Amino acid sequence: MVNFTWKGNPVTQLGNDVKVGDKAPEFTVLANDLSPVTLAESKGKVRLISVIPSIDTPVCDAQTRRFNEEASKLGNVQVLTISADLPFAQKSWCAANGIENVQTLSDHRDLSFGEAYGVAIQELRLLARAIFVVDTNDKVTYVEYVNESTDHPNYEAALEATRAVL
């Protein structure tokens with residue numbers, strides 16, 4: 001189990017850690033139009049999954065912008081940004097900030113992704129910051145759980161891991 005903190009305070013992780021080499025767990029989240037989205041829908045592509053607590057906060061903003069900038073350079077990669085924000089909030093934030101290269105997805109309904117990937121925070125009903133890379137065969141090839149949710153992930157390591165499976 002990962003020892004997550006929120007602003008230095010310990011929080012309870014729901015779900016189990018995902019490890020490199022695991023088959024990527026299936027999940028159902030919501031697109032900005034409220035349609036369901038599953039991992040299976042992007043099979044055949046490399047997936048860079050960027051997990052954030054809330055899109056309208058400074059580190060989450062920076063993380064989403066960074067992967068949006070990099071997405072167009074990655075080829076056969078689908079960049080998914082997942083949070084527990086409402087789909088309407090994600091859509092509004094993306095429109096206001098020119099975010100067009102990543103797909104923002106909401107796990108607010110039942111924390112399906114959060115529990116499957118071990119990033120749901122019980123006390124806050126948010127997702128802890130993490131990065132996952134899943135190859136075209138649904139194998140997890142990179143995992144970074146960011147222990148302190150207000151810290152940035154290692155962007156370069158995640159991008160290198162993504163390029164390595166292209």
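The values are calculated or read from the model by the stated rules, or taken from the named source; none is laboratory data. These numbers were taken from a predicted model, which means no experiment stands behind them. We place every Cβ from the backbone using ideal geometry, glycine too, and count neighbours over all the protein chains shown. When the accessible area is computed, the model is the full protein with side chains, heavy atoms only, and any ligands, DNA or RNA have been set aside. Shrake-Rupley method; radii C 1.70, N 1.55, O 1.52, S 1.80 Å.
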Enumeration of residues in region 135-159 that are closer than 18 Å to ASN68 by Cβ and either in a loop (DSSP other than H, G, I, E, B) or open to solvent by 40 Å² or more (accessible area, probe 1.4 Å) (or both): HIS152, PRO153, ASN154, GLU156
Of the criteria (1) open to solvent by 30 Å² or more (accessible area, probe 1.4 Å); (2) of a type in the set (D, E, K, R); (3) part of a loop (DSSP other than H, G, I, E, B), which one ASP85 fails: (1)
Top-ranked residue in region 37-64 [being in contact with a helix residue (DSSP H, G or I) (Cβ under 7 Å, 6 or more places away or on another chain) and outside any strand (DSSP E or B); ranked as modelled with the lowest pLDDT]: ASP56
Condition met for LEU111 (within 15 Å of LEU80 (Cβ to Cβ) and either among the charged types (D, E, K, R) or at pLDDT 95 or above (or both)): no
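Please work out which residue is surrounded by the most Cβ atoms within 10 Å (Cβ to Cβ), limiting yourself to region 88-120 and to residues that are polar (S, T, N, Q) and not in a helix (DSSP H, G or I). Break it down into steps so the answer makes sense when it comes.
So the first thing to find is which residues in region 88-120 are polar (S, T, N, Q), and the list is 90, 92, 97, 101, 103-104, 106, 112.
Applying the additional criterion that residues be not in a helix (DSSP H, G or I) yields 101, 103-104, 106.
Details: ASN101: 15, GLN103: 19, THR104: 26, SER106: 23.
That would be THR104.
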Among the residues listed as SER50, SER42, the single one being polar (S, T, N, Q), touching a Phe, Trp or Tyr at 6+ places or on another chain (Cβ under 7 Å) and open to solvent by less than 20 Å² (accessible area, probe 1.4 Å): SER50
Of residues in region 16-31 being part of a strand (DSSP E or B) and under 16 Å from the mean Cα position of the chain (by Cα), the one surrounded by the most Cβ atoms within 10 Å (Cβ to Cβ): VAL29
The listed residue being modelled with pLDDT under 95, within 15 Å of the chain's Cα centre (by Cα) and closer than 15 Å to SER50 by Cα, out of SER149, SER83, SER106: SER149
Residue check for LEU34: modelled with pLDDT of 95 or more, surrounded by fewer than 17 Cβ atoms within 10 Å (Cβ to Cβ) and not basic (Lys, Arg): yes
Residues of region 118-163 classified as within 21 Å of ALA89 (Cβ to Cβ) and not aliphatic (A, V, I, L, M), total: 5
